[in-house]
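Asks: One structure, pasted below without further comment.
The values are calculated or read from the model by the stated rules, or taken from the named source; none is laboratory data. Nothing here was measured: the structure is a model prediction, and the numbers come from that model. All Cβ positions, even for glycine, are placed from backbone atoms using ideal geometry, and neighbour counts span all protein chains on display.
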Ligand SMILES: NC(=O)c1ccc[n+]([C@@H]2O[C@H](COP(=O)([O-])OP(=O)(O)OC[C@H]3O[C@@H](n4cnc5c(N)ncnc54)[C@H](O)[C@@H]3O)[C@@H](O)[C@H]2O)c1
Ligand SMILES: [Zn+2]
Ligand SMILES: [Zn+2]
């Protein structure tokens, strides 16, 4: 079968048609991928920002149809439509039991389990998934069943960017009605955060991006104000009377904008870091400001989302016309176009490219 493989850091993905599948073990499920979004984290695996062994099948934002289930799988059957969750929800570990499945202890085990083969050797998928492939084998803990009547291209977006962004606003920041929000970065994750803030009832939502075209699009999804980074201080002054925002969300993954996000929150406000920076990048805070500003600084893994309840909720919001997923698909592509899609994302030309495997 076909799959797009990262063979070495900082090289183009290689689309091979001779990739094999590993064995269907107990608790595993064989899924045919129908649609996969391209997320910045895939680019971050390619350039080494997110550690990832090579060779590796990239892609972690996908949806598909179950073909076969391994021994002991009771809740999923052939024909089911599923979202691939890049964090498992095992329902047994400490984090899962305390209601934080997005921190599931099984994450590393799943990420380190190779379920593809290449040239006779086992190879892994990014984060244990690998949706840039026509088929994959994955733990049942990484699957969320969805209604079979929802188009799978729409469903695939929920696999990462939408759950992460909407979740960051609703679950992590806990945006309240009438509040002020700033979102830095208007890619798939940032646009979703803007939609989450809108759904939560924020009064003002400022979208900040360095690409002008992204700002026009941000308005469509609910931004009430938009600006490029150079105009940010002035906009902050106008919107918040220089107090700062109730909630500030970073959806880029850059230490400079992470620091700016902390600064953008008002005293007593909340700064949420969604973007993923490199492991060796540092951000400075003075010892004084951390106490004095009384801010909440929170990371956001997968939008602090318990996927089994939050993903179906997002699709109900979509069905009710309250979450616009169609307009987030900027381009529909084939797997062979993957390197162009990586470039388009880095050039700020797309919200999401979606690979059509059907
Ligand atoms: N926390 C999580 O669980 C999680 C999940 C998915 C993605 N992510 C991360 O979220 C981030 C965003 O992902 P995405 O898919 O939306 O990426 P993207 O590339 O589609 O969007 C990033 C946006 O930021 C803008 N931008 C870049 N540098 C900027 C700057 N200095 N100032 C203003 N705007 C700038 C770009 O123009 C672009 O519109 C990435 O770091 C990704 O790895 C985190
Ligand atoms: Zn992602
Ligand atoms: Zn768990």
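Asks: Inspect all residues belonging to segment 224-242 and state whether any of them is under 17 Å from residue 349 (Cα atoms) and in a helix (DSSP H, G or I).
Replies: No, every residue in segment 224-242 fails to be under 17 Å from residue 349 (Cα atoms) and in a helix (DSSP H, G or I).
Asks: Right, another one. Could you say whether any residue in segment 43-52 is more than 16 Å from ligand 1 (Cβ to nearest atom) and at pLDDT 95 or above?
Replies: The answer is no; no qualifying residue exists.
Asks: Name the single residue that is surrounded by the fewest Cβ atoms within 10 Å (Cβ to Cβ) among those in segment 229-246 being more than 14 Å from residue 293 (Cα to Cα) and within 16 Å of ligand 1 (Cβ to nearest atom).
Replies: Within segment 229-246, the first condition is being more than 14 Å from residue 293 (Cα to Cα), and the residues that meet it are 229-242.
Now restrict to residues that are within 16 Å of ligand 1 (Cβ to nearest atom): 229-236.
Values: 229: 13, 230: 8, 231: 12, 232: 17, 233: 14, 234: 10, 235: 17, 236: 24.
The qualifying residue surrounded by the fewest Cβ atoms within 10 Å (Cβ to Cβ) is 230.
Asks: Further, regarding this structure: So, of the residues in segment 117-137 that are in contact with a strand residue (DSSP E or B) (Cβ under 6 Å, 6 or more places away or on another chain) and under 17 Å from residue 163 (Cβ atoms), which turns out to be surrounded by the fewest Cβ atoms within 10 Å (Cβ to Cβ)?
Replies: Here the residue is 126.
Asks: Now for a different question. Can you tell me how many residues in segment 201-223 are over 22 Å from residue 349 (Cβ atoms) and either out of contact with any helix residue (DSSP H, G or I) (no Cβ under 6 Å at 6 or more places or on another chain) or surrounded by 20 or more Cβ atoms within 10 Å (Cβ to Cβ) (or both)?
Replies: Within segment 201-223, residues that are over 22 Å from residue 349 (Cβ atoms) and either out of contact with any helix residue (DSSP H, G or I) (no Cβ under 6 Å at 6 or more places or on another chain) or surrounded by 20 or more Cβ atoms within 10 Å (Cβ to Cβ) (or both) number 5.
Asks: From the set of residues in segment 258-279 that are in contact with a helix residue (DSSP H, G or I) (Cβ under 8 Å, 6 or more places away or on another chain) and part of a helix (DSSP H, G or I), which is surrounded by the fewest Cβ atoms within 10 Å (Cβ to Cβ)?
Replies: Checking each candidate, the answer is 260.
Asks: While we're on this one: In the set 97, 84, 103, which member is more than 16 Å from ligand 1 (Cβ to nearest atom) and either at pLDDT 95 or above or in the same structural domain as residue 148 (by TED's automatic domain parsing) (or both)?
Replies: Every option except 97 fails the conditions.
Asks: Please indicate, with yes or no, whether at least one residue in segment 63-72 is within 21 Å of residue 164 (Cβ to Cβ), crowded, with 21+ Cβ neighbours inside 10 Å and outside the structural domain of residue 275 (by TED's automatic domain parsing).
Replies: Yes, because at least one residue in segment 63-72 is within 21 Å of residue 164 (Cβ to Cβ), crowded, with 21+ Cβ neighbours inside 10 Å and outside the structural domain of residue 275 (by TED's automatic domain parsing).
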